[in-house]
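The values are calculated or read from the model by the stated rules, or taken from the named source; none is laboratory data. Bear in mind that the values here come from a model prediction, so they are computed numbers and not experimental data. Every residue, glycine as well, gets a Cβ built from its backbone with ideal geometry; the counts of neighbours run over all protein chains shown. Accessible surface is based on the protein model in full, side chains and every heavy atom, while ligands, DNA and RNA are left aside. Shrake-Rupley method; radii C 1.70, N 1.55, O 1.52, S 1.80 Å.
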Amino acid sequence: MLNRRSLFPALLFVVIAACSSGEAAESAPAAPAAPGTARETAVFAGGCFWSTEANFEHMPGVIAAVSGFTGGSVRAPTYDQVVRGGTGHVEAVQVTYDPARISYRQLVDAFWLTIDPTDPDGQFCDRGPSYATAVFATAAQKPVAEASRRAAAARLAPARFVTPVRDAARFWPAERHHQNFARLNPVRYAGYSRFCGREARLRRVWGGTD
């Protein structure tokens, strides 16, 4: 990631260089669903989109998880624009799913357990506005997302729970080299995740639930 504020910056740059920009690439479309499969979408911002994507794409009923950006004012932003700041976007993932196999409420409930919703300044070792967390919900999704948020906040104390439910906004896919990163680059992703202390922090926040 860019904008690190952690110890051992050289190690972080050489070993991890998480969510870092690379050569320009085309955006990756969502994977096609099987014929006749119902499709709905949900958008979640959980810090680094590599991690958010990886958390969702293995879930039964999820058809595709695409890394990208949402919540900002710039049309078709690039990764470099977003991390430099000023566009208003956050890293996010658009989840396409089969509602007959997994519900929107189940997705939102699962999302909380993959983030630290008490951190207003980013997630784990990824700091700054582009790594802020949120659930981006349509008008129809918002009551469900808000109910899920209340239930999750009750576990941690509502005053500590800062991740909001925001109105849905235009989602822009990120460059192709950011898509399916954890699956295609398992060694690099595992190093990033360990260095950032994701699992240890999630255990502290959620009492042993990863």
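A cut-off of 5 Å between modelled amide H atoms, ignoring neighbours fewer than 5 places along the same chain, links Ile63 with Thr96, Tyr97, Asp98. In the complete set of protein chains, residue-level accessible area for Arg170 is approximately 140 Å², probe 1.4 angstrom. Here the Karplus relation 6.51 cos²θ - 1.76 cosθ + 1.60, evaluated at θ = phi - 60°, turns the backbone of region 77-87 into coupling constants of x, 8, 4, 4, 4, 5, 6, 5, x, x, 8 Hz, with x for every Gly and Pro. Rolled with a 1.4 Å probe across the full set of protein chains, the surface gives His177 an accessible area near 60 Å². Relative to one another, the C-alpha centroids of region 39-82 and region 83-106 are positioned 5 Å apart. The candidates Ser130, Ser73, arranged from most to least accessible area with a 1.4 Å probe in the full protein assembly, appear as Ser73, Ser130. Site pair Glu146 and Val187 shows an inter-label distance of 4.9 nm when each label is modelled 7 Å from Cα along Cα→Cβ. In this structure, Arg170 and Arg203 have a Cβ-Cβ separation that, at R0 = 30 Å, corresponds to a calculated FRET efficiency of about 0.25.
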